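What follows is a set of notes on a single structure, which appears directly below.
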Amino acid sequence: MRSTIISIGDELLVGQVVNTNASWLGDQLTRIGCRVLRVDAIGDERGLIRREIEEAARRSDIVIVSGGLGPTHDDVTREAICDMLGCDLRIDEEQLRRIEKRFAERGIELNERSRRQALAPSGCRTLPNDYGSAPGLAFGVGEANVFALPGVPSEMKGIFTDQILPDLAAAAGDIEQKTYLTFGITESALADLLADTIPLLGPDVTLAYLPSPGGIRLRAMRLGSASDAHERYRRLLQTITTAAAAWIITDRDEPVAALLGRMLTERGLTLATAESCTGGLIGAALTDIPGSSAYYLGGTVTYADGAKVQFLDVEEDLLRLHGAVSEEVARAMALGIRRKTGADIAVSVTGIAGPGGGSTEKPVGTVWIGVASSRGVEARRYLFGREREYVRQRAVSQALALVREEVLAVDRIAGHEGAI
């Protein structure tokens, strides 16, 4: 199936809001074997919305629209759909009852603007919204199926997952896919390693490289049931697992934090964190994983030197002689949080995220990461570039990767190797 995603909202065009809806929808559609032809972002203009949907319907089997179903004057997606279908707006009584119940539970008075969100074009089938106010809309344009969803991410995801995705997946046909996460290798070097896979690829067997600060995901996919496609897909997976074995850290579609949580749980190990330049991002990544309280004991954000002394028992002499961004302080931070919490493994991060604060000796992007366990303590130095957010995100991923290495090292000392 071919699909187009249309995101509506002036805020997307002027940079006030990042278009996460489109990326999420693209991922979900790709997972079920639906080819995304285009992703368009347009403003809140009634005529433009109609033209975009009609044009997308001519080239696509599925059109997903998000945004413009809210209560304000610039939410005109409903009206654009009415223009397209030649119908009027009507109140969807079922969704109105949902809105009334939602407002009553929150003790908020329901006004006419909020009631407006229960309006739906009479030519559409409504998709109940259990996550917010405006219902989703389903209708046809030519041979295409069109779905209009609220722009609020939680509402869009809820309606799409509950009421649209199952039917699309059932209609998508025979597909198979596998995702690997690699870490510590560049995209170009990985592509060189996997150069032998190119003859295996085609419209029915694909390999995507998806780089991020957390590593490079490799997504292999087979679409269709031809015996040749099955054989090429099998050989593709075999080549990946052989050629990139040294760099693959998980063959599940999961973030490093989820992999690490699984490893810690299986071994009965606990973890604590001491963060400076990452400002709690490591702890956030760990606690994003359900059930992380079983292995993550907690951590500190000790941004100032005084906080490192007060909460982690870092000696003032170390800070004065070596500076906060140093091997000595990274080691002391890891030892301090491990001692304070009693964790089996502790990780610390201290660095210069920028844009200022660098020097010739310690340029912006310098990060020291320390790891302490029953094996002792060590710290490693990294240079992560000059862009602040990238430095912080890369430090998080590297810290989690080092903890993974430490878990495996503790395994070897114990004389056994658990599943990773």
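Here, each number is a calculation from the coordinates, and none is a lab measurement. The structure displayed is predicted, hence computed values, not measured ones. We place every Cβ from the backbone using ideal geometry, glycine too, and count neighbours over all the protein chains shown.
Here are the numbers for this structure:
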read-out	value
Arg412 paired with Arg234, simple spin-label distance in nm, labels 7 Å along Cα-to-beta-carbon	3.5
Share antiparallel - DSSP beta bridges, the chain, percent rounded to 5	60
All-pairs alpha carbon distance profile, region 1-62, 5 Å steps from 0, percent	4, 19, 27, 22, 18, 8, 1
Label point distance in nm, Cys87-Trp24, each placed 7 Å from Cα along Cα→Cβ	2.6
Sparsely packed trypsin sites (Lys or Arg not before Pro) within region 75-166, loop by DSSP, other Cβ within 10 Å at most 12	Arg106
Only Lys, Arg (+1) and Asp, Glu (-1) charged, at Cβ; region 2-172 dipole about Cα centre in debye	320
P(r) tail fraction, region 260-329 - alpha-carbon pairs more than 15 Å apart, %	57
Footprinting exposure proxy for Val14, Val396 (fewest neighbouring C-beta atoms within 10 Å first)	Val14, Val396
Rule-of-thumb Rg ratio for the chain [Cα; 2.2 N^0.38 Å; N residues]	1.18
Backbone HN-Hα couplings from phi across region 164-171 [Karplus 6.51/-1.76/1.60, Hz, Gly and Pro as x]	10, 4, x, 5, 5, 5, 5, 8
Pairwise label distance in nanometres, Glu109 with Glu389, each label 7 Å out on the Cα-Cβ vector	4.0
Convex hull per residue volume in Å³, alpha carbons only, for region 283-420	113
Length-normalised contact order of the chain in % [C-alpha pairs under 8 Å, at least 6 apart]	10
0 to 90° range, to nearest 10: angle between helix 227-243 axis and the chain longest Cα axis	20
Region 164-240: mean projected area of Cα convex hull, nm²	5.9
For region 25-98: rounded, prolate or oblate by the Cα gyration tensor [a/c cutoff 1.5]	prolate
Estimated dipole of the chain in Debye, rounded to 20 [Cβ of Lys and Arg +1, of Asp and Glu -1, Cα centre]	540
On Cα atoms only, tilt of 46-59 relative to the major axis of the chain in degrees	80
Trypsin sites (Lys or Arg not before Pro) within region 244-293, DSSP loop, no more than 13 other Cβ atoms inside 10 Å	Arg252
Kirkwood hydrodynamic radius (C-alpha pairs) into Stokes-Einstein, region 24-147, 25 °C and 0.890 mPa s, D in µm²/s	159
Mean separation of Cα contacts under 8 Å, 6 or more apart, over the residue count of region 2-172: relative contact order %	24
Cleavage-rule hits, GluC sites (Glu not before Pro), region 110-157, DSSP coil, Cβ neighbours within 10 Å at most 14	Glu143
Additional length obtainable on full extension of the chain from Glu266 to Leu321, 0.36 nm per residue less Cα span	15.7 nm
